[in-house]
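Encoded as structure tokens, the structure appears first; notes follow it.
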Amino acid sequence: MNYELSLRLQTCLNALTPLQTVADVGTDHAYLPCVGILNGKLKKAIAADIGKGPLEAAKTTIQRYGLTEQIETRLGPGLTVLHPSEVEGVVIAGMGGKLIVSILEENLLLTRSFERLVLQPNIDANVLRDWLSQHQFNIIDEKIVLDEGKFYEIIVAVPVEHSMNYNELDIEFGPVLRLDQTNEIFHAKWSKEFMKNQSIIEQLPTDHPRVESLKQRQALLKEVL
Ligand SMILES: C[S@@+](CC[C@H](N)C(=O)[O-])C[C@H]1O[C@@H](n2cnc3c(N)ncnc32)[C@H](O)[C@@H]1O
């Protein structure tokens, strides 16, 4: 059996440490909780999904690995399938940042009861960071990976008793990521956007309405490059 995850999911799994009991919301094939248990990183997991098809796929993986004792499956939206104190934390990966926000917001009390949240938005990471900032979550760690040609940001958040007051650079690029000057993947992601914007600016007439906003974005990008 192959116990390997994609780099993206393996990075999410690693970010759950030191938690041993977690819910994987939007689990699809339940690869993350299965490998987490098989590799001894997790003791117990709940694999949840809103879709019947994905949950069936999760059940198949769990049975194939003989993990029905350690991983429970739950069908339903977001955190509604969880009870307080069942698990120490949650991982929500492979969705848009806005959908992750709507899942977290739906039951803020439960969201704030987790010791740690590992969140991997495919897009709109800034929207998610902004929400975390405004709802008293500290971003204690962040990772960025290049997996099969795509960049992914992984955000680790914990509830705190005060607002974080992240600034615009923190929200856009990550309060942890943007401070690591040696991170080549981070540099590659934002250099790519910078060069794309530059070529658009050069092709547009100087009085085009998009030029000003693109120039503002370039100025922001320059601050982290
Ligand atoms: C692209 S898959 C990601 C699977 C896995 N987490 C990963 O990162 O590879 C997204 C999954 O989230 C599920 N999903 C979407 N909205 C959801 C919600 N509100 N609550 C629970 N699951 C949801 C979908 O059914 C789908 O299986």
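The values are calculated or read from the model by the stated rules, or taken from the named source; none is laboratory data. This one's a predicted model, so the numbers in the text were calculated from it and none came from an experiment. Cβ atoms come from the backbone with ideal geometry, glycine included; neighbour counts cover every protein chain shown.
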*Would you please list the contacts, defined by Cβ atoms under 7 Å and residues six or more apart or on different chains, that run from a residue in the stretch 37-51 that is buried (at least 18 other Cβ atoms within 10 Å of the Cβ) to a residue that is of a type in the set (D, E)?*
A45/D24; I46/E72; I46/E86; A47/D24; A48/D24; D49/D28
*Filter the stretch 167-197 for residues that are among the hydroxyl-bearing types (S, T, Y) and either at pLDDT below 95 or closer than 22 Å to I92 by Cα (or both) and give the result.*
T182
_All positions within the stretch 100-145 that are in contact with a helix residue (DSSP H, G or I) (Cβ under 6 Å, 6 or more places away or on another chain), outside any strand (DSSP E or B) and polar (S, T, N, Q)_ = N107, T111, N126
*Could you tell me which of the residues L169, L119, L146 is out of contact with any Gly (no Cβ under 7 Å at 6 or more places or on another chain) and either within 20 Å of V81 (Cβ to Cβ) or among the hydroxyl-bearing types (S, T, Y) (or both)?*
L119
_I want to confirm something. Restricting to the stretch 165-182 and keeping residues that are part of a loop (DSSP other than H, G, I, E, B) and out of contact with any strand residue (DSSP E or B) (no Cβ under 6 Å at 6 or more places or on another chain), which single residue is nearest to A219 (Cα to Cα)?_
N167
*Among all residue pairs at least 6 apart or on different chains, which show Cβ distances below 7 Å where the first residue, located in the stretch 2-29, is modelled with pLDDT under 95 and the second is more than 10 Å from the ligand (Cβ to nearest atom) and in a loop (DSSP other than H, G, I, E, B)?*
Y3/N39
*Selection status of G40, assigned by TED's automatic domain parsing to the domain that holds T61, more than 10 Å from the ligand (Cβ to nearest atom) and of a type in the set (G, A, S)*: yes
*Filter the stretch 161-182 for residues that are touching a residue at least 12 places away in the same chain (Cβ under 8 Å), at negative phi and surrounded by 13 or more Cβ atoms within 10 Å (Cβ to Cβ) and give the result.*
M164, Y166, L169, D170, I171, E172, F173, P175, V176, L177, R178
_Search result, residues across the stretch 183-209 that are loosely packed, with under 12 Cβ neighbours inside 10 Å and either assigned by TED's automatic domain parsing to the domain that holds S133 or part of a helix (DSSP H, G or I) (or both)_ = E184, K192, M195, K196, S199, E202, Q203, P209
*Pick from the stretch 52-80, criterion assigned to a loop (DSSP other than H, G, I, E, B) and in contact with a strand residue (DSSP E or B) (Cβ under 8 Å, 6 or more places away or on another chain), ranking: farthest from the ligand (Cβ to nearest atom)*: Q70
*Select from the stretch 3-37 the residues that are more than 19 Å from Y152 (Cβ to Cβ) and in a helix (DSSP H, G or I) and write down the one among them that is nearest to the ligand (Cβ to nearest atom).*
C34
